[in-house]
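The structure appears below as structure tokens.
FYI, it's all coordinate maths here, none of it is from the lab. Worth saying up front: this structure is predicted, and the values here are computed from it rather than measured. Positions of Cβ are backbone-derived with ideal geometry, glycine not excepted, and every protein chain shown enters the neighbour counts.
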Amino acid sequence: ILQQRGDLAEANLLLERALALSPTKHQPAILDALGTNFALAFTYQTALSYHQRALHILELDEADGKISALHLKVMLHCGDDYRALSIHTKALEQYEHARQSLQSSSSMEIAGQVYIGLGYCTYASIYQQSGSTTFSYEEKERLLQRATTFLLQGRTLYQISSNLLGESQAR
């Protein structure tokens, strides 16, 4: 509630206290909330560290290969943090991992966010020069088509879930 009201400092204190007092099985949800709290404060590096901690615990707990809704959400948040930090290739890896983990029972909203993230980061990675990596004209064209396809899929998922704001942003 404090986070929704914008009182991020107070929310952070309560979440840190909850983290210290909670059993291991509840820690990923609290770590995700802490990461989201820092992302709302535009402190993306700290947000990423909390989200990565949550992801690590979830990966240890879900050794059977079944991905929970929280696990998918945390993967999405890691991608969002990398994207906010302009580390588009890492964000692309997270979004792709999340896309591969989508199931028929996954939320349309989350699926839409994954596809929009994939589209944006595919496009951004074309122009983010990392060392000697350059793309040929044909490779750029293929990646641009792929980015467009992801964005269109994300927009369609937002339409299906009646998320007008998400659909508008995707356009």
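What about Thr24, is it over 13 Å from the mean Cα position of the chain (by Cα) and under 22 Å from Ala124 (Cβ atoms)?
Considered against the rule, which asks whether it is over 13 Å from the mean Cα position of the chain (by Cα) and under 22 Å from Ala124 (Cβ atoms), Thr24 comes out as no.
Report whether or not Ser168 is farther than 24 Å from Ala29 by Cβ, assigned to a loop (DSSP other than H, G, I, E, B), small (Gly, Ala, Ser) and touching a helix residue (DSSP H, G or I) at 6+ places or on another chain (Cβ under 9 Å).
Criteria not met by Ser168.
Testing Thr149 on (1) free of Cβ contacts under 8 Å to residues at least 12 places away in the same chain; (2) under 22 Å from His77 (Cα atoms); (3) hydroxyl-bearing (Ser, Thr, Tyr), one condition comes back false. Which one is that?
(1)
Among what's in the range 68-105 and is of a type in the set (Gly, Ala, Ser) and under 11 Å from the mean Cα position of the chain (by Cα), pick the residue that is surrounded by the most Cβ atoms within 10 Å (Cβ to Cβ).
Gly79
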